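The structure appears right after this line, and notes come after that.
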Amino acid sequence: MISELLKSEILKIRKLTWVIVIFGPLGVVAMQGANYALRFDYLMSRNPDKWLFLLENIHAYWPPALLLGTTMINSLLAGMEHHANMWKKLFSLPVKQWKVYQSKIIIIITMMLISTAILPAGTYVLGRLLGFSETFPLGDALMMSFYTLFAALPFVFLQFWLSVKYSNQGIALTIGIASAVFIMYAHGLPEWMPWKWPLLIDGIGKSTLSVIKGLAVGLLIYLFALLSLSRKDVA
């Protein structure tokens, strides 16, 4: 039954959602492209490891972009069900409520993974356009991109819960946008605060503890969201 639900979810995805998935990470790369175009000589002189410095600069924009992207994707996917009053119709089918929510979560995670995979590819293209002839550090690029996503999973599942629970998407959007802005100033926060984890403070390849925290807390919020929403009465 999950496979049928997934097929149905894929058919309902709007073009705007794919625009966010594809152009979100490309926008992050483009901003660094503009940065390098304006300050090329200065930036090239900052660090002899050109690729690592580029990855660090791109990562400075990636956490807020990721939080904003997951906010928009969750809101778009849940919002169309609220708008068309589809929840009641979905739950009139012979399918368990949690499976409906799980199918949406699978779609959301898949889209986030696609978006995350685009970032290293865009980084590689930008580096080559900038004239970097050294070997591309693929492992570091993948960690920069995917470690940030894994550390940000609590926000992915929180936004899913908010978007489904409240028909007024203004609530989920306000909290998500506020988190995206707040994370840009989260460097000085205590280690236990989730906004700090996607920043990978200890370094791109050394922030495994932040990733573990994100995965663990994300799993707890995922289970809470399924349990909470499955008990929710659908009007």
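The values are calculated or read from the model by the stated rules, or taken from the named source; none is laboratory data. Note that this is a predicted model, so its numbers are computed, not measured. So basically every Cβ, Gly included, is an ideal-geometry build from the backbone, and we count neighbours across all protein chains shown. Quick note on the areas: whole protein, heavy atoms, side chains included, nothing else; ligands and nucleic acids left out. Shrake-Rupley method; radii C 1.70, N 1.55, O 1.52, S 1.80 Å.
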Q. Hey, if you drop one equal point scatterer on each alpha-carbon of the stretch 184-233 and run the Debye formula without solvent, what base-10 log of I(q)/I(0) do you get at q = 0.29, 0.32 Å⁻¹?
A. -1.04, -1.16
Q) Ignoring any ligand, DNA or RNA, what whole percent of the accessible area of the stretch 1-157 comes from carbon and sulfur when the probe is 1.4 angstrom? A) 67 percent
**Q.** Listed residues SER145, SER179, SER163, most fluctuating in the chain (Gaussian network, C-alpha, under 10 Å)
**A.** SER179
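If you add up the charges near ALA186, with Lys and Arg at +1 and Asp and Glu at -1, over every other residue whose beta carbon is less than 15 angstrom from its beta carbon, what do you get? The partial results should precede the final answer.
Working: positive: LYS196, LYS213; negative: GLU191, ASP202.
The answer is 0.
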Q: Would you mind computing, in nm to one decimal, how far apart the modelled labels at MET193 and LYS96 are, each placed 7 Å from Cα along Cα→Cβ?
A: 3.9 nm
Q: Quick one: angle between helix 50-83 and the longest Cα principal axis of the chain, in degrees between 0 and 90, rounded to 10, please.
A: 20 degrees
Q) Pick from ALA65, ALA117, ALA37: which is most flexible by mean-square fluctuation in a GNM of the chain where alpha carbon atoms under 10 Å apart are linked? A) ALA37
Q. In whole angstrom, how far apart do the alpha carbon centroids of the stretch 178-200 and the stretch 21-65 sit?
A. 20 Å
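Only Lys, Arg, Asp and Glu count, each charged at its Cβ (+1, +1, -1, -1), so figure out the dipole size of the chain about its Cα centre, rounded to 20 debye. Before the final figure, lay out the partial values.
Details: 19 positive and 11 negative charges, 170 e Å.
Here the size comes out at about 820 debye.
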Q) What's the longest piece of the chain with no exposed GluC sites (Glu not before Pro), counting a site as exposed if DSSP puts it in a loop and it has at most 14 other beta carbons within 10 Å? A) 1-133
Q: Would you work out the charge dipole size for the stretch 86-193 about its Cα centre, treating the Cβ of every Lys and Arg as +1 and the Cβ of every Asp and Glu as -1, and quote it to the nearest 20 debye?
A: 780 debye
Q: Multiply the residue gap between ASN47 and THR110 by 0.36 nm, knock off their C-alpha separation, and tell me the result in nm, one decimal place.
A: 19.2 nm
Q. Mind checking the angle between helix 2-12 and the chain's longest principal axis? C-alpha axes, 0 to 90 degrees, to the nearest 10.
A. 70 degrees
(Q) Leaving out ligands and nucleic acids, and using a 1.4 Å probe, what accessible area per residue does the chain come to in Å²? (A) 49 Å²
Q. In the Gaussian network model of the chain, springs joining C-alpha atoms below 10 Å, which of LEU26, LEU153, LEU66 carries the largest mean-square fluctuation?
A. LEU26
